[in-house]
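Scroll down for the structure; my scribbles are underneath it.
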Amino acid sequence: RAKHRGRNTWCFFEQRMTERLRERSSLQRELAHATKRGQFELAFQPRVHASDGALSGYEALLRWRHPLHGNVPPDVFISLAEESGLIVSIGEWVLREACAQAARWRAAGAADLTMAVNVSPHQLRHAGFAACVQQVLLETGWPARQLELEITETALMEDPREVAVLLHRINALGVRFAIDDFGTGYSSLAYLKTFPLHRLKVDRSFVQGLQVEGSDRVIAASIIALAHALGLEVTAEGVETADQRDFLREQRCDELQGYLFSAPISAAQCEAWLTQKGIPCRQSLTPHCLQA
Ligand code: C2E
Ligand code: MG
Ligand code: MG
Ligand code: MG
């Protein structure tokens, strides 16, 4: 497109690219110090049972509060962290923080919630990953059965045999696995059954197309049917409307997650209603979350 607007546009474009690259490398340097400077924070997005809307757990989502740039989107800094290998230590921080937080809520009365944590392909390739998970569970006292690690199809398929061995080792501790963004990557159904999986998460692109695209309805329904046929549970991501919720319920989707119920919220916001409601499990979320 820029080509049609002539040379000046090109120059402008190149200049912006150079600026962006410089910004990326400076961000990458700052990322290395973000943990010890206390710039990371976790947000927690509620997940609800599709049948009755009761809270089933949370997904921990990393936030980087940059002193100059404000909130840097995860889609930007997670890829920077992966390129530099920093994701291994950052991912460990996320895991420890999420389990520690969940353990505190448990002590306060929230008994059977699940904490889901995203794991990047680099973490899986790192030799110490299984030991790290075990260590974090020991340190925080969070029950392994209530920890769910979210992995993408691409991460699973990079080296399916090795990954299967690793996941089985971690699953032996009791930890569960979910495939995140299911349907957007490449995965072999033949391999799918060799992993110790507990859940598929329907990518939000299919959920968001439910009203307009007949094909998205077919895809979402097929993923739910496939998961159930394999004995897995299904969570739909990015549920924003009542129509989407109703369709997914009809299709017997197990869990829902999305702005309709709640955006990712801070630990303090989670705590506010935990203390207000006492034991929240199998009870309704705060009114602003559920009656949306
Ligand atoms: P994800 O794991 O698929 O997380 C879901 C993303 O969808 C989150 O974006 C969440 O805020 C957003 N979302 C939830 N409900 C809705 C909705 O109804 N509508 C829309 N439009 N969006 C919704 P977020 O927090 O920006 O994270 C983006 C991605 O960054 C995550 O996708 C995940 O792949 C990655 N990420 C976030 N935290 C971590 C982390 O601690 N470790 C790793 N490895 N990756 C992370
Ligand atoms: Mg996820
Ligand atoms: Mg996802
Ligand atoms: Mg994603």
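The values are calculated or read from the model by the stated rules, or taken from the named source; none is laboratory data. This is a predicted model, so every value here is computed, not measured. Ideal geometry is used to build each Cβ from the backbone, glycine not excepted, and the neighbour counts take in all protein chains shown. These area figures cover heavy atoms from the full protein model, side chains too; ligands, DNA and RNA do not enter into them. Shrake-Rupley method; radii C 1.70, N 1.55, O 1.52, S 1.80 Å.
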Q. Away from ligand 3 (no atom under 16 Å from the Cβ), among the basic types (Lys, Arg) and more than 21 Å from the chain's Cα centre (by Cα): does that describe ARG245?
A. no
(Q) Can you pull out every residue in segment 99-122 that is within 16 Å of ligand 3 (Cβ to nearest atom) and either part of a helix (DSSP H, G or I) or surrounded by fewer than 19 Cβ atoms within 10 Å (Cβ to Cβ) (or both)? (A) PRO121
Q. Among the residues of segment 50-76, which ones are more than 15 Å from ligand 2 (Cβ to nearest atom), open to solvent by less than 50 Å² (accessible area, probe 1.4 Å) and not aliphatic (A, V, I, L, M)?
A. GLY53, TRP64, HIS66, GLY70
Q: Could you grab me the full set of residues in segment 140-163 that are part of a helix (DSSP H, G or I) and either surrounded by fewer than 16 Cβ atoms within 10 Å (Cβ to Cβ) or at pLDDT below 95 (or both)?
A: ARG145, GLU153, THR154, ALA155, LEU156, MET157, GLU158, PRO160, ARG161, GLU162
**Q.** Flag for ALA34 being over 22 Å from ALA178 (Cβ atoms), among the small types (Gly, Ala, Ser), more than 16 Å from ligand 2 (Cβ to nearest atom) and open to solvent by less than 10 Å² (accessible area, probe 1.4 Å)
**A.** yes
Q | Criterion violated by ARG217 - all others in (1) free of Cβ contacts under 8 Å to residues at least 24 places away in the same chain; (2) open to solvent by 30 Å² or more (accessible area, probe 1.4 Å); (3) among the charged types (D, E, K, R) satisfied | A | (1)
(Q) Looking only at segment 172-186, filter to residues that are in a loop (DSSP other than H, G, I, E, B) and open to solvent by less than 30 Å² (accessible area, probe 1.4 Å); which one of those is farthest from ligand 4 (Cβ to nearest atom)? (A) GLY174
Q | Subset of segment 244-266 (residues that are in contact with a Leu (Cβ under 7 Å, 6 or more places away or on another chain) and either more than 11 Å from PRO46 (Cα to Cα) or modelled with pLDDT of 95 or more (or both)) | A | GLN244, ARG245, PHE247, LEU248, LEU256, PRO264
Q: Mind listing whichever residues of segment 195-220 are among the polar types (S, T, N, Q) and more than 22 Å from the chain's Cα centre (by Cα)?
A: GLN211, SER215
Q. Which residue pairs have Cβ atoms closer than 8 Å, lie 6 or more positions apart in sequence or on different chains, and pair a first residue in segment 233-252 that is of a type in the set (Ser, Thr, Tyr) with a second residue that is assigned to a loop (DSSP other than H, G, I, E, B)?
A. THR235/CYS253; THR235/ASP254; THR235/GLN257; THR241/GLN211; THR241/LEU260
**Q.** Flag if ARG169 is outside any loop (DSSP other than H, G, I, E, B), more than 16 Å from ligand 4 (Cβ to nearest atom) and without any contact (Cβ under 8 Å) to a residue 12 or more places away in the chain
**A.** no
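Any idea which residue in segment 188-204 is least open to solvent (accessible area, probe 1.4 Å), counting only those that are within 16 Å of ligand 2 (Cβ to nearest atom) and either over 20 Å from ALA220 (Cα atoms) or free of Cβ contacts under 8 Å to residues at least 40 places away in the same chain (or both)?
Only one residue tops the list, namely LEU200.
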Q: State whether the residues of segment 235-243 include one that is modelled with pLDDT under 95, in a loop (DSSP other than H, G, I, E, B), within 14 Å of ligand 1 (Cβ to nearest atom) and within 30 Å of TRP64 (Cβ to Cβ).
A: no
Q) Across segment 205-214, what is the number of residues that are within 15 Å of ARG245 (Cβ to Cβ), of a type outside the set (Phe, Trp, Tyr), part of a helix (DSSP H, G or I) and open to solvent by 10 Å² or more (accessible area, probe 1.4 Å)? A) 1
